[in-house]
Amino acid sequence: MELSKKYKTLLDKNCIDTPLRLSHFFAQIEHESGLKPISENLNYSASGLKRVFRRYFTDLETIKYQRKPEMIANRVYANRMGNGDEKSGDGWKYRGRGFLQITGKSNYTLLSRETGIDYSSKPELLLNEADAMISALWYWNSNNINRYADLDDLDSVSDLINIGRRTSRVGDANGYKHREELLNKYKKLF
């Protein structure tokens, strides 16, 4: 796979510089965002809420919250990852964005502090390609994901990105099989 000079330099600078590291990195960002800077949708039906977020909703609440992405985000991300309670609106404000879906006020704050770019008050910046890449590289390095990429440990890499371990959930709730397919694709390209 031929990378643009701009991305090759940036990836090299961030030590994502071996075929195995590149393969894991691109497999994860393609799975999480389709290689496009996006914002987490959270537009779930009642059955989708039961399947994906059952621990946050009773059966009755799934009806009340279905197809209300802002309410869903504020519920499922409340009181964790540095977010305030459901009424604070932090869940929606700091929902997943960018190539690797940076999520939670704590991550936005750390990203802002370490890059000098104010993502905390302007989270929508992560919808720009350059900022999406900056955040993906920051998250990758902050979590020392190269360590697991070097071991070709897709379980651990996926777990650090989005609890994607094939053993953590019944079935393929977090796309482990898709991540594995993408990893194999990128191993052939790199």
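Checking PHE99, PHE57 one by one, the residue that is more than 25 Å from TRP140 (Cα to Cα), surrounded by 20 or more Cβ atoms within 10 Å (Cβ to Cβ) and modelled with pLDDT of 95 or more is PHE57 and no other.
LEU49 passes all but one of (1) closer than 20 Å to VAL157 by Cα; (2) surrounded by 18 or more Cβ atoms within 10 Å (Cβ to Cβ); which number fails? Answer for LEU49: the failing condition is (1).
Determine, yes or no, whether LEU110 is in a helix (DSSP H, G or I) and not assigned by TED's automatic domain parsing to the domain that holds TRP138. For LEU110, the condition - in a helix (DSSP H, G or I) and not assigned by TED's automatic domain parsing to the domain that holds TRP138 - is met. Contact annotation: residue pairs with Cβ atoms under 6 Å, 6 or more positions apart or on different chains, pairing a residue in the range 75-99 that is not assigned by TED's automatic domain parsing to the domain that holds ASP131 with a partner that is modelled with pLDDT under 95 and not in a loop (DSSP other than H, G, I, E, B), are VAL76/PHE53. Taking the numbered list (1) outside the structural domain of ASN141 (by TED's automatic domain parsing); (2) more than 17 Å from ILE102 (Cβ to Cβ); (3) exposed (fewer than 12 other Cβ atoms within 10 Å of the Cβ) in turn, LYS13 passes all entries but (1). Would you check if ALA136 is out of contact with any Asp or Glu (no Cβ under 9 Å at 6 or more places or on another chain), farther than 19 Å from LEU42 by Cβ, surrounded by 15 or more Cβ atoms within 10 Å (Cβ to Cβ) and not assigned by TED's automatic domain parsing to the domain that holds TYR56? No. Does ILE72 satisfy the criteria of being modelled with pLDDT of 95 or more, buried (at least 23 other Cβ atoms within 10 Å of the Cβ) and part of a helix (DSSP H, G or I)? Answer is yes for this residue. Applying the set (1) surrounded by 15 or more Cβ atoms within 10 Å (Cβ to Cβ); (2) outside the structural domain of ASP150 (by TED's automatic domain parsing); (3) within 17 Å of the chain's Cα centre (by Cα) to ALA27 leaves exactly one unmet item: (2).
The values are calculated or read from the model by the stated rules, or taken from the named source; none is laboratory data. Worth saying up front: this structure is predicted, and the values here are computed from it rather than measured. Glycine gets a Cβ as well: all are built from the backbone with ideal geometry, and neighbour counts include every protein chain shown.
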